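Engineer: This structure is in structure tokens; I'll ask about it shortly.
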Amino acid sequence: MSHRNQLKSRIVGGLAAAIVAASAAVGVATPAHAYSPNPSPKPGPTRVSTDQSRTLTDPVDNTYFHKDPGGYGAKIELRTKSGHYIGKVEFHPYGEKAYVYDTSNDSDSFYVILRSPGANPEDCNPPKTPKTVDLKVCDLSYKEGKPVYITVYDNQGQSDELAMVTGNA
């Protein structure tokens, strides 16, 4: 290899090493995938007795809770600060199911974790598709009478909590 080619190779190699070192020092930027400002649960997380059937209205499909004596349904609606509907999370004690709707096709998402004593935590996150409304249904196996904790986060790392509500299986 000629002296000129050796010099060129060293310069290119040195530049590549400098770029790698700078990237490691600063960190590679990735999309935050977090709403800013955070969406809020409006009208607020709701806990609903299901000793009788109940309907709660919302702009997606309303929510119908079947009768499940001793059970408590739970619902969280998420909206931006300006009132734009982002999605909702519902726990239905009849059949122990969670329904998670992402209604804002904005390339962002929220993340849902369900917990109940004696059961493993369940991720029940809406799929990320180009559809107007994404729906994920999680079939749970929680014991009758046990509390069900539903927590919604703004990030996958679960460090930015948006809302929490407790239902009852």
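Engineer: For Gly95, which of the numbered conditions (1) touching a His at 6+ places or on another chain (Cβ under 9 Å); (2) part of a strand (DSSP E or B) fails to hold?
Structural biologist: (2)
Engineer: Which residues, counting only those in the stretch 135-159, are open to solvent by less than 80 Å² (accessible area, probe 1.4 Å), touching an Asp or Glu at 6+ places or on another chain (Cβ under 9 Å) and modelled with pLDDT under 95?
Structural biologist: Asp154
Engineer: Let me ask something else about it. For Ala29, are the conditions met, namely being hydrophobic (A, V, I, L, M, F, W, C), at pLDDT below 50 and surrounded by 10 or more Cβ atoms within 10 Å (Cβ to Cβ)?
Structural biologist: Here the answer is no, as Ala29 does not meet what is asked.
Engineer: Sort out which residues of the stretch 74-112 are surrounded by 21 or more Cβ atoms within 10 Å (Cβ to Cβ), under 21 Å from Tyr153 (Cβ atoms) and in contact (Cβ under 8 Å) with a residue 60 or more places away in the chain, and write them in order of number.
Structural biologist: Passing the criteria: Ala74, Lys75, Ile76, Leu78, Val89, Phe91, Ser109, Phe110.
Engineer: Does Pro126 satisfy the criteria of being open to solvent by less than 30 Å² (accessible area, probe 1.4 Å), part of a loop (DSSP other than H, G, I, E, B) and modelled with pLDDT under 95?
Structural biologist: yes
Engineer: If you don't mind, there's one more thing I want to ask. Note down all Cβ pairs under 7 Å where the first residue falls in the stretch 157-169 and is over 30 Å from Pro69 (Cβ atoms) and without any contact (Cβ under 8 Å) to a residue 60 or more places away in the chain, the second is among the aliphatic types (A, V, I, L, M) and assigned to a strand (DSSP E or B), and they're at least six residues apart or on different chains.
Structural biologist: Every condition considered, the pairs that remain are Gln158/Ile113.
Engineer: So which of Val152, Val165 ends up being closer than 17 Å to Thr46 by Cα and either acidic (Asp, Glu) or more than 12 Å from the chain's Cα centre (by Cα) (or both)?
Structural biologist: So the residue among Val152, Val165 that is closer than 17 Å to Thr46 by Cα and either acidic (Asp, Glu) or more than 12 Å from the chain's Cα centre (by Cα) (or both) is Val165.
The values are calculated or read from the model by the stated rules, or taken from the named source; none is laboratory data. In this text the structure is predicted, and so the values were computed from the model without any measurement. For neighbour counting, all protein chains shown are included, and Cβ atoms are generated from backbone atoms with ideal geometry for every residue, glycine included. With ligands, DNA and RNA removed, areas are computed over all heavy atoms of the protein, side chains included. Shrake-Rupley method; radii C 1.70, N 1.55, O 1.52, S 1.80 Å.
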